[in-house]
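In what follows, a single structure is set out as structure tokens and then discussed.
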Amino acid sequence: MLRTIKLLGFAVFIALLGACSGIKVATDYSKEANFDTYKSFAFYKPGIDEAKISDLDKKRILRAIESELLKKGFKKSSNPDLLVSIFTETRENINIHQNNFGYGWGWNPWFWGPQGMNTVTQNIEGTLFIDLIDAQKNELVWQGLGTGILDLDRGVDKKIEKINRIVAEILAKYPPEDN
């Protein structure tokens, strides 16, 4: 009985850990850029048009980016300091988990006895890249990316919430602290 309680506790811990892991964020930037001089932005349509996601998701992402940049004091402009572009990548992950707790008897190449079960899970991992381009020099000065598991069947409201959270976590790293 105690062993079962320990196993159940471990399973709950793993489930909570997976729920908290969320989004991985990374950034890169030009050491030569003076981020204090950037005060306005516009979206870079040619780059955004190439993003391989639905137009609905593009609009959601752009709204989230606009909202975060406005919170940081930027102004949207037709003559901007920064151009904002996005692109995305997806990757299918297949995970095989081996459970050796014994579910019945059988034979495998190494022995006859209690057999475990394998569990196969599949998910899609998506990465959103946000590029900030110096409009005068036409050079990339900052790039942030966020990677997380896509929840394709959780509904529109959950999808919007996740997009907003991903964008907020990426742009929380702008401007670079050591600038």
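Using only Cα positions of the range 27-85, each an equal point scatterer, no hydration layer, compute I(q)/I(0) via Debye at q = 0.12, 0.18, 0.24, 0.25 Å⁻¹ and quote the log10 values to two decimals. Scattering profile of the range 27-85, log10 relative to I(0): -0.32, -0.71, -1.10, -1.14. Using the Cβ-Cβ distance between residue 137 and residue 93 with R0 set to 45 Å, the FRET efficiency from 1/(1 + (r/R0)^6) comes to roughly 0.75.
Read-outs: derived from the displayed coordinates by stated rules, not from any lab. A quick note: this is a predicted structure, and the numbers were derived from the prediction, not measured. Virtual Cβ from ideal backbone geometry, glycine too; neighbours counted across all protein chains shown.
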